[in-house]
Amino acid sequence: MGGGNGASPTAEDDAVYYFDLAVTGISFGCMYAMMSVGLTLVYGLLRILHVAHAAVFTLGAYVTVLVANATGSILLGFLAAMIVTPLFGMAIYRVMYEPLLKYRPDVPMIASIGLLIFMQDAFRIVFGEQGITFHRNAFAFTTFNVFGVTVSAVQIATIIAAAVVFTALHLFTTRTRIGIGWRATVSKPQIAASFGIDPIKVRYLNFAVGSVLAAIAGGLVAEMNNLVDPGIGFVVSYKALAIIVLGGLGSVRGTLIASLVLGLVEAYGTIFIGAWLDRDAIAFLALIVLLMIRPQGFTGARTA
Amino acid sequence: MSAYEISIISIIGINVILAVSLNMISGFCGQISIGHGAFFGTGAYAAALTMVGTGSVPLAILAALVTGSLLGLAVGFASLRVRTDFLAVTTIGVNFLFVGFVRKQAWLGGEMGISGIPATGFGPVGNMTMILLFAAATIALSLYISRSWMGFAFRAVGEDEGTAATLGINAGAYKLAAFGIGTALAGLAGCLYTFFTQFIAADAFDFIFSVMLMAMVVIGGIGSTWGVAVAAVGLTLLPEAIRFVNDYRLLVFGGLLVLVIRLAPSGLAGLVQKAFLAVRRS
């Protein structure tokens, strides 16, 4: 890490330290973004706060580490996770949310929390409390020196992955028929349906895409910590709720901005308010303040 | 009575107070709160500080009731701004903030918590009796409110706020009342918990505990005082009685929560009522 080396810190040391925090913040922000966009997509379409998305994230992390250890290829691990998690995400929709759509929105949300703690305990029982480490994790231990700051390959991979994924998502939703149909269903479901778009298929697509993003985020966090334990998704799940509210509910762009801002605020916040508040509580402080000032979020027009 | 039995009964009493008080907020008045642990914790810390400072039991109880209720009213004001799932998210945030704040405060013992809290002087059986009396009083209060005009107004607000307002019911005032009463009782439970353990740390009041309380309310039958009280007793005993459940506590609670919401949304109380009606019809 940066900072002074015992001697009195110079201005240059300070600059290095702040740059270091910026890299940490941005890479965390990218991870939050990949996690939260799934929630935003589900919220935008079904108006459900999909807390159990964190279980999808955790499953992604486990599949990545297990397959990577079995085959020796981290890339195969990611691919396997990206195949397994959409199935899980779609199953959650079919088995749990679909029958609960007729209730008040807090009902599916509580069920979602129940599913998350159920899955977390299931992961603990199946894979053990201590968690699983990568046999070979070249990624986490390869570091580069950028302007005097040590940056790990995982941090760079996270930022690149986020850039690629969101560019692909953007192209998919603006340039392909399926993507346009999807957006149409989100904004005007009845009219989209009358143009022959099957709303149920859109819902499955929605859960599948969100789950793939969560799996990538899960795999990257696993790499970053070089460990997958049952609680890996716990704090992220509730932070993601804060992020999508801060990002203006249902707005993908807002979610991306809120994720980056939160990553940076957390990185720098540990210096300024770390003395009286846990790092993990910062997101909730921001969330509550925002909800009280603007219950409809930054951009949204709905009344919460 | 063995020390083990006394401690189990004490915990059951505390959980009954917590679940029944949460039911007043979420069941009667329809304001879903998944941060009840924060009010429980506030009461516990207030009582601990009062006991360490003065050693007076009545003062500790008073402090817990007042602080729990004050934080509850603050969150109650939030319920005037945000509704349903967003209120739930806000209460989750309050719970994380409470734990994140307390853990960093030296005057609250930080990560280590507060230990060596003076005893009440009643002995374990005396404490247990006091807890059971308060639990009984909480159930009685809940039943009374349920049958009163206030209970009617709570349910009207819970069912449909707009319609309640049209009928001339001041929805905001009743929401605040529900939060104020429910969280004061949670603070009381925190005080009793402090008397019982004489040691508190922030982790005992975390979000997962709040989810457990919500599970008791939902599984018992949201809105039914007896259903919720029975569920609180049953779900506290279950991990003690069955070793499997103790090892896989979250698995069982989470699983039950999903199953009940999915298959029997009115919980135990609803099932009992259905069975009763079926028997009477035949």
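Miscellaneous remarks
- Selection of region A:122-136 for residues being touching a residue at least 24 places away in the same chain (Cβ under 8 Å), assigned to a helix (DSSP H, G or I) and among the hydrophobic types (A, V, I, L, M, F, W, C) yields A:123, A:127.
- Matching helices (runs of 4 or more DSSP H) fully within region B:38-153 where at least 3 residues are touching a Lys or Arg at 6+ places or on another chain (Cβ under 9 Å): B:57-81, B:84-102
- Number of the condition not met by residue A:245 [criteria: (1) within 14 Å of chain B (Cβ to nearest Cβ); (2) in contact (Cβ under 8 Å) with a residue 40 or more places away in the chain; (3) under 14 Å from residue A:28 (Cα atoms)]: (3)
- From the list A:151, A:67, A:63, the lone residue that is more than 14 Å from chain B (Cβ to nearest Cβ) and under 17 Å from the mean Cα position of the chain (by Cα) is A:63.
- Residue in region A:231-241 that is within 10 Å of another protein chain (Cβ to nearest Cβ) and surrounded by fewer than 22 Cβ atoms within 10 Å (Cβ to Cβ) present: yes
- In region A:137-162, the residues that are more than 17 Å from residue A:232 (Cβ to Cβ) and assigned to a loop (DSSP other than H, G, I, E, B): A:142, A:147, A:148
- Residue under evaluation residue B:156, criteria (1) closer than 20 Å to residue B:87 by Cα; (2) within 14 Å of chain A (Cβ to nearest Cβ), criterion not met: (2)
- From B:260, B:228, residue being away from every other protein chain (no Cβ under 14 Å) and part of a helix (DSSP H, G or I): B:228
- Test: residue in region A:196-210 that is more than 23 Å from residue A:90 (Cα to Cα), among the acidic types (Asp, Glu) and away from chain B (no Cβ under 14 Å): no
- Options B:187, B:223, B:182; residue that is surrounded by 17 or more Cβ atoms within 10 Å (Cβ to Cβ) and at positive phi: B:223
- Conditions (1) over 12 Å from residue A:210 (Cα atoms); (2) surrounded by fewer than 23 Cβ atoms within 10 Å (Cβ to Cβ): number failed by residue A:87: (1)
- Of the residues making up region B:232-250, just one is within 14 Å of chain A (Cβ to nearest Cβ) and at pLDDT 90 or above, namely B:235.
- Hey, residue B:67 buried (at least 24 other Cβ atoms within 10 Å of the Cβ), over 16 Å from residue B:189 (Cα atoms), under 22 Å from the mean Cα position of the chain (by Cα) and more than 9 Å from chain A (Cβ to nearest Cβ) or not: no
- Matching option when the condition is in contact with a strand residue (DSSP E or B) (Cβ under 8 Å, 6 or more places away or on another chain) and either more than 30 Å from residue A:234 (Cβ to Cβ) or within 14 Å of chain A (Cβ to nearest Cβ) (or both), among B:176, B:108, B:133, B:167: B:108
- Listing of helices (runs of 4 or more DSSP H) fully contained in region A:190-304 that carry 1 or more residues being β-branched (Val, Ile, Thr) and modelled with pLDDT of 85 or more: A:199-225, A:234-246, A:252-272
The values are calculated or read from the model by the stated rules, or taken from the named source; none is laboratory data. Just so we're clear, the structure is a prediction, and the values are computed from it rather than from any experiment. Methodologically, a virtual Cβ is constructed for each residue, glycine included, from the backbone with ideal geometry; neighbour enumeration extends over all protein chains shown.
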